[in-house]
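All remarks here apply to the structure that follows.
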Amino acid sequence: MRIDIVTIFPEFFDVLDISLLGKARQSGIIDLGVHNLRDATTDRHRTVDDTPYGGGAGMVMKPEPWGETLDGILASDSEPTDAPGGTSEDGPLVIFPSPAGDVFTQAMARELSAEKHLVFGCGRYEGIDQRVFDHTATRARVRLVSLGDYVLNGGEVAVMAMIEAIGRLIPGVVGNPHSLVEESHEDGLLEAPSYTKPASWRGLEVPPILLSGNHGAIAAWRREQQLERTRRVRPDLLQP
Ligand code: ADE
């Protein structure tokens, strides 16, 4: 998968060199490009924001550096964009993290892990000039995606979270694919608690069923734990 990130803080993404995603990059499963929005400015101060038309607090990101940067990224995509409106299901998907977007879920992460080319545009300040979204939508698929019902200072942290959740679902990134199946949210429930050795620690015992060797009984116990935990912590997940 090709991933491009547009940001005014490229160093935020240095951590994508390490851990499982770093390995996935080394092995070529993930091909990452991080683009500094300020490289597309033309003034001495490398200005990316300006005051909002109509007044109001804060600053808005100017459209020109976004247009320039996205021109370069989208032009480099080799997929033909001959569908109506210039967009193609196989072409790039441009995601702008925003508290005004669809809420990011495990199901969305799975859907996005099948894309060939994701482009993330990290906004800052009070947001990005609306015309950037409108113009990008004439040549690529565009989605606004929110990490949750709270406000971050910018899109970078949201993009890091999304890339980690999406990246680990790409085949070959996580060594043992079975470990993905037993996680929270994969089957719509929270995961069961886990234990390792020693069997007794500081007076706390591992539930005896896990030491029984009875795999059917262990599976049933884990399922019951999942249901109990989900009912208690996230009853909303059990709504039809
Ligand atoms: N940018 C600011 N807040 C955000 C959020 N909750 N999700 C995604 N991007 C954001």
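Every number here is computed from the coordinates shown, using simple stated rules; none is lab data. Computed from a predicted model, the values in this text were never measured in an experiment. Methodologically, a virtual Cβ is constructed for each residue, glycine included, from the backbone with ideal geometry; neighbour enumeration extends over all protein chains shown.
Quick look at the values:
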{"quantity": "Fewest-first ranking of THR136, THR105, using other Cβ atoms within 10 Å as the exposure measure", "calculated": "THR105, THR136"}
{"quantity": "Relative contact order of the chain, pairs being alpha-carbon contacts under 8 Å that are 6 or more residues apart, as %", "calculated": "19"}
{"quantity": "Value of Rg to Rh for the range 1-134 (Rh from inverse mean 1/r over Cα pairs, i.e. Kirkwood)", "calculated": "0.98"}
{"quantity": "The range 8-79: C-alpha pair distances exceeding 19 Å, %", "calculated": "53"}
{"quantity": "Considering only the chain, percent of DSSP beta bridges that pair antiparallel, nearest 5", "calculated": "15"}
{"quantity": "Tail beyond 22 Å, pair distance distribution of the chain (Cα, percent)", "calculated": "62"}
{"quantity": "Relative contact order (percent, whole number), the range 74-179, Cα cutoff 8 Å, 6+ residue spacing", "calculated": "36"}
{"quantity": "C-alpha long axis of helix 215-233 to longest principal axis of the chain, angle in °", "calculated": "50"}
{"quantity": "Distance (nanometres) between label positions extended 7 Å along Cα→Cβ at THR105 and ASP43", "calculated": "4.3"}
{"quantity": "Rounded to the nearest 20 debye, dipole of the chain from Cβ charges on Lys, Arg, Asp, Glu", "calculated": "820"}
{"quantity": "C-alpha long axis of helix 156-167 to longest principal axis of the chain, angle in °", "calculated": "50"}
{"quantity": "Helix 63-75 vs. the chain, principal-axis angle (Cα, 0 to 90°, nearest 10)", "calculated": "70"}
{"quantity": "Within-12-Å neighbourhood charge of HIS35 [Cβ basis; K, R +1; D, E -1]", "calculated": "-3"}
{"quantity": "Exposed-loop-free span, longest in the chain, where trypsin sites (Lys or Arg not before Pro) count as exposed if DSSP calls them loop and at most 16 other C-beta atoms lie within 10 Å", "calculated": "117-201"}
{"quantity": "Highest-MSF residue in the chain out of PHE13, PHE96, PHE120 [GNM, Cα springs under 10 Å]", "calculated": "PHE13"}
